[in-house]
Amino acid sequence: MVDLKHGAAIVGIHEHVTRYAPDKSELQIQGESVIKALADAGLSKQDVDGLFTASSSIRNSGMNLADYLNMYPKYVDNTTVGGGSFEFHLSHALTAIAAGRIDVAVITYSSLARSGGVSVGTGGVGRYGHPRLDPSPDSFEELYGLTTVGLYAMIAQRHMHLYGTTSEQLAEVAVAMRRHASMNPEALFRDPVTVEDIVNSRMISSPLHLPDCCVITDGGGAVVVASPEVARNCRHTPVWVLGVGEAIAHQGAGKRDLMYIAAKQSHEPAFAMAGVTQKDIDMAMIYDSFTITVVETLEDLGFCEKGEGGQFVSGGRLQVDSEMSDKLPINTDGGGLSSNHPGMRGIFLLLEATRQLRHQFEGTPRQVANCQLALCHGTGGSLGARHSGGTAILGRD
């Protein structure tokens, strides 16, 4: 078996910091992001031979993006598994580079969810005006008016019932994300909130309050991944891909335990490949579509035992400036709960982890001290139904 550890590195990044861009197209946001990420790496379009993108729209296919950018990649990957797509892309890029098929890959995404009036997570059958009749699992469920937020609320209710998790514990996640957003000038919401503010806020789908749910924004970005030979000659110190894992969870023919998610499967190969343990991780970027997503993901990534997630996230442990000796700073950009969430947020996990591993915020409260190892976990779909889990462990050179 080929050892993929250190087989590729992130060498360039760019986040399109817009949160509302009705004057731009999705391809324009992607195009600008790709060019600037390549400039960050000290590379050009001519160096790119792999193009990776995901979208809920055919307009953003790899074929159309290559045309828009006037690029001729020899490897194109349109894998779309929701918000975790970009951790899957990183895994695929690593494999393609290690196999010698490509040397430089670009992973990119954009969405105009906010300016397009897309209410992600709401609407049920009303989104289509009638029940879907296509032969897919969705057509059996959406007849009953299920929504994304409703599915996550079901997970939260079950977690509370089995383990005594409280709304106050879920609120701790949102408080930590807002604390980090206050340090990010590009975050959508930056005003501080308290646990009390959250549990007394408007209920969206019991037990999830409004701040327990991600924001809806426009946005996009790009990540450049290169072979070791190319990476050593780029502008920045390489951020190495040390371990990756992919998984899909579904209803399991009606026998699935909803308290275990795809992260349970995807994290094991990632940690094994990287040769590290949970205690070695300095910070984590955890997909935070809802506060319960973070709680269950941390459990299934092995940072705490099943059922202990509520207690684990309490006491400020997730905050970058926590005084706890066993703190685990997560989502230091403010996450999907406070910074941005343009439909699929997994690419932003890679962007912020890279910034932290570059020590880009050195001398500011946002920087994780002596950050050497970061974990990214992207989730796509709905925890209460079908979803993806992509885990990546990144390391400073």
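The values are calculated or read from the model by the stated rules, or taken from the named source; none is laboratory data. It should be emphasised that the depicted structure is a prediction, and the values quoted were computed from it without experimental measurement. Ideal geometry is used to build each Cβ from the backbone, glycine not excepted, and the neighbour counts take in all protein chains shown. Quick note on the areas: whole protein, heavy atoms, side chains included, nothing else; ligands and nucleic acids left out. Shrake-Rupley method; radii C 1.70, N 1.55, O 1.52, S 1.80 Å.
Key figures
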quantity: Among the candidates ILE97, ILE107, residue that is in contact with a helix residue (DSSP H, G or I) (Cβ under 6 Å, 6 or more places away or on another chain), open to solvent by less than 30 Å² (accessible area, probe 1.4 Å) and modelled with pLDDT of 95 or more; calculated: ILE107
quantity: Identity of the residue in the range 168-202, of a type in the set (A, V, I, L, M) and out of contact with any helix residue (DSSP H, G or I) (no Cβ under 8 Å at 6 or more places or on another chain), that ends up nearest to GLY221 (Cα to Cα); calculated: MET183
quantity: Within the range 1-92, strands (runs of 3 or more DSSP E) holding 2 or more residues that are of a type in the set (A, V, I, L, M); calculated: 9-16
quantity: Out of GLU87, GLU26, sole residue that is of a type in the set (D, E, K, R) and in contact with a Cys (Cβ under 8 Å, 6 or more places away or on another chain); calculated: GLU87
quantity: Single unsatisfied condition, PRO342 versus (1) part of a helix (DSSP H, G or I); (2) open to solvent by less than 10 Å² (accessible area, probe 1.4 Å); (3) under 22 Å from ILE107 (Cα atoms); calculated: (1)
quantity: Residue among LEU298, LEU318 that alone is under 18 Å from TYR260 (Cβ atoms), open to solvent by less than 10 Å² (accessible area, probe 1.4 Å) and of a type in the set (A, V, I, L, M, F, W, C); calculated: LEU298
quantity: The range 198-218, residues that are in contact with a Leu (Cβ under 7 Å, 6 or more places away or on another chain) and open to solvent by 80 Å² or more (accessible area, probe 1.4 Å); calculated: ARG202
quantity: Wholly within the range 214-293, strands (runs of 3 or more DSSP E) carrying at least 3 residues that are under 30 Å from GLY100 (Cβ atoms); calculated: 218-226, 239-249
quantity: Residues located in the range 361-380, provided they are aliphatic (A, V, I, L, M) and either farther than 20 Å from PHE303 by Cα or open to solvent by less than 70 Å² (accessible area, probe 1.4 Å) (or both); calculated: VAL368, LEU373, ALA374, LEU375
quantity: Sole residue being more than 20 Å from GLY220 (Cα to Cα) and not in a strand (DSSP E or B), chosen from ARG366, ARG355; calculated: ARG366
quantity: Filtered residues of the range 69-87 (kept if under 16 Å from ALA222 (Cβ atoms), in contact with a Ser or Thr (Cβ under 8 Å, 6 or more places away or on another chain) and touching a residue at least 60 places away in the same chain (Cβ under 8 Å)); calculated: SER85, GLU87
quantity: Any pair with Cβ under 8 angstrom, 6 or more apart, that starts in the range 264-276 at a residue that is over 13 Å from HIS377 (Cα atoms) and ends at one that is modelled with pLDDT under 95 and open to solvent by 60 Å² or more (accessible area, probe 1.4 Å); calculated: MET273/LYS5; ALA274/LYS5; GLY275/LYS5
quantity: Subset of the range 38-53 [among the small types (Gly, Ala, Ser) and crowded, with 21+ Cβ neighbours inside 10 Å]; calculated: ALA41, GLY50
quantity: Residue check, ASP321 farther than 23 Å from LEU383 by Cα, out of contact with any Ser or Thr (no Cβ under 7 Å at 6 or more places or on another chain), among the acidic types (Asp, Glu) and part of a loop (DSSP other than H, G, I, E, B); calculated: yes
quantity: Residues (of a type in the set (A, V, I, L, M), under 20 Å from SER91 (Cα atoms) and at pLDDT 95 or above) located in the range 338-397; calculated: ILE347, LEU349, LEU350, LEU351, ALA353, LEU357, LEU373, ALA374, LEU375, ALA392, ILE393, LEU394
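Let's see how each residue does on (1) modelled with pLDDT of 95 or more; (2) buried (at least 24 other Cβ atoms within 10 Å of the Cβ):
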residue	(1), (2)
ARG179	yes, no
PHE189	yes, no
GLU196	yes, no
SER227	yes, no
VAL239	yes, yes
ALA247	yes, no
ARG256	no, no
